[in-house]
1. Of all residues in segment 340-369, which are among the aliphatic types (A, V, I, L, M) and out of contact with any Asp or Glu (no Cβ under 7 Å at 6 or more places or on another chain)?
2. Anything in segment 358-376 that is part of a helix (DSSP H, G or I) and buried (at least 23 other Cβ atoms within 10 Å of the Cβ)? List them, or say none.
3. Only one of these is in contact with a Phe, Trp or Tyr (Cβ under 9 Å, 6 or more places away or on another chain), closer than 30 Å to Leu259 by Cβ, surrounded by fewer than 23 Cβ atoms within 10 Å (Cβ to Cβ) and not basic (Lys, Arg): Leu383, Leu399, Leu392. Name it.
4. Does Phe274 satisfy the criteria of being more than 21 Å from Thr245 (Cα to Cα) and either of a type in the set (Ser, Thr, Tyr) or at pLDDT 80 or above (or both)?
5. Do you know which residues across segment 271-329 are closer than 23 Å to His27 by Cβ and outside any helix (DSSP H, G or I)?
6. Quickly run through segment 352-394 and pick out the residues that are among the small types (Gly, Ala, Ser) and closer than 29 Å to Ile55 by Cβ.
7. Can you name the condition, by its number, that Ala72 falls short on among (1) more than 21 Å from the chain's Cα centre (by Cα); (2) part of a helix (DSSP H, G or I)?
Amino acid sequence: MPTAAPRRRLINDPGFVRLWAAETISHLGSNFTALAMPIVAIQLLNAGPMEIAIINLADTLPFLVIGLLVGALIDRLPRRGVLIVADLGRAVLLLTLPISYALGILSIPQLVIVGILLGTLTVFFDVAYQAYLPSLIPKEDLVEGNSKLEISRSAAGLFGPSLAGALIAIVKAPMAVVIDALSFALSALFLLTIKPKHEFVAEQNDASAHESKKPRGSLRSDIAAGLRFVFGHPALRTIGGATATSNLFSGIAGTVEMLFAYNVLGLSVALIGFAATLGSAGGLISAVFADRISKKLGVGRTIVLTIPLGGPMVAVLAFCQPGNDLLNALVIGGGFFAAAVSGTLYNINQVSLRQALTPPEMSGRMNATMRWFVWGTIPIGALLGGIIGTNLGLREALLIAGIGGTFAFVPLLFGPVWGIKEMPTGVAEK
């Protein structure tokens with residue numbers, strides 16, 4: 001009886017390494033924009049809670065509006081090609097901000113428009129990326145692969161905010177966005193170097209593959225099939241419910257955290273960057289140990305136990321008082337740390353489980369349906385954050401966000417996720 005070929009370590013897999021490099025560079029640049037955009041709105045354009053809410057809404061609204069359509073399209077298009085076009089498009093959009101600043105015409109409406117277009121391209125990229133990864137590595141390696149990608153995201157977050165804070169202080173926030181534009185261009189270059197021979201299996205979403213199987217239905221029927229698959233699957237349905245709940249309250253927190261730190265506590269950009277760095281350290285540490293934790297606790301238990309960890313610390317932020325900048329930065333950083341540990345461990349395992357449970361021909365629609373469901377609550381949360389922050393206060397908004405996020409695990413109690421110990425490697429089952 002022939003023995004199975006030994007598994008190749010992912011670090012030696014050329015296709016995965018190129019994808020990993022592309023993501024690492026892109027994440028590093030995105031940390032500059034994540035800090036620079038709200039600073040531009042607050043410092044240069046005098047934005048208040050509602051303006052920040054609208055900017056955050058613009059960035060995530062496309063997931064709610066076009067997410068399902070994108071999923072159907074991704075299952076018809078070459079996924080690597082979608083990734084490259086999305087990267088190049090985002091680079092061009094970001095470059096419009098420093099150009100407008102240099103010309104003296106930068107405005108909040110432009111930030112909103114750029115945010116909508118960036119969000120649209122991000123929908124295409126994220127749906128295609130999560131559908132593309134299983135074509136590069138075996139299912140049993142998905143947790144490890146997603147962990148390595150998350151390590152890069154967290155490492156970029158660890159160093160990015162501090163570097164961004166220093167650069168913003170030197171060249172102003174709009175110019176710092178150039179770094180992110182360059183990172184997207186480099187990411188596209190690495191993706192271009194991935195060849196079909198580097199893929200674990202051939203991409204199964206191209207036109208010829210479908211022609212060899214059965215006639216392709218309409219986009220409407222494809223969207224309906226994706227909805228039926230996700231909401232008809234007990235594990236996917238309850239994961240979606242928990243993630244949507246968590247994202248709703250995270251959207252509230254994300255709208256008011258920067259305003260609270262900058263306007264209420266009076267923290268400098270450098271200290272805010274320091275707090276964000278502490279949070280990223282939590283993401284990095286948890287990403288390094290995610291595979292071990294998953295194997296120790298089991299995939300399902302890791303998912304259920306980690307999602308509520310960040311909520312209580314968000315609530316604690318509401319009780320910070322101005323006057324001790326370093327202590328406040330440490331408390332905020334501690335909250336970011338807990339949220340990063342929670343989100344990283346949860347997302348690595350739930351995304352890997354979703355990928356493992358889904359057949360390749362359904363990957364794009366599954367990812368898009370889940371993104372539509374779970375990311376669709378972020379703009380709602382952002383809008384609620386603006387309303388609550390304006391009418392009740394920033395502290396009250398943080399408290400509501402923290403309490404709500406703590407109970408995001410509840411939907412998982414009504415499905416089979418808790419009992420899943422190992423990553424499924426066979427045909428997806430309900």
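The values are calculated or read from the model by the stated rules, or taken from the named source; none is laboratory data. Keep in mind that this is a model prediction, so the values were computed, not measured. Note: ideal-geometry Cβ built from the backbone for every residue, glycine included; neighbour counts use all protein chains shown.
1. To start, the set of residues in segment 340-369 that are among the aliphatic types (A, V, I, L, M) comprises 340-341, 345, 348, 351, 353, 356-357, 362, 366, 368.
Residues satisfying the conditions are Ala340, Val341, Leu345, Val351, Leu353, Ala356, Leu357, Met362, Met366, Ala368.
2. Within segment 358-376, the subset part of a helix (DSSP H, G or I) is 360-375.
The answer is Ser363, Gly364, Arg365, Met366, Asn367, Ala368, Thr369, Met370, Arg371, Trp372, Phe373, Trp375.
3. On the way: Leu383 fails: in contact with a Phe, Trp or Tyr (Cβ under 9 Å, 6 or more places away or on another chain); Leu392 fails: in contact with a Phe, Trp or Tyr (Cβ under 9 Å, 6 or more places away or on another chain).
The conditions single out Leu399.
4. Details: more than 21 Å from Thr245 (Cα to Cα): yes; either of a type in the set (Ser, Thr, Tyr) or at pLDDT 80 or above (or both): no.
Considered against the rule, which asks whether it is more than 21 Å from Thr245 (Cα to Cα) and either of a type in the set (Ser, Thr, Tyr) or at pLDDT 80 or above (or both), Phe274 comes out as no.
5. Ile307, Leu309, Gly310
6. To start, the set of residues in segment 352-394 that are among the small types (Gly, Ala, Ser) comprises 352, 356, 363-364, 368, 376, 381-382, 385-386, 389, 393.
If the condition is that a residue be among the small types (Gly, Ala, Ser) and closer than 29 Å to Ile55 by Cβ, then Gly364, Ala368, Gly376, Gly381, Ala382, Gly385, Gly386, Gly389, Gly393 are the ones that fit.
7. Result: Ala72 fails condition (1) only.
Conditions tested, residue by residue: (1) part of a loop (DSSP other than H, G, I, E, B); (2) surrounded by fewer than 20 Cβ atoms within 10 Å (Cβ to Cβ); (3) basic (Lys, Arg).
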position	(1), (2), (3)
Leu19	no, no, no
Phe32	no, no, no
Ala41	no, no, no
Asn46	yes, yes, no
Asp59	no, no, no
Gly81	no, yes, no
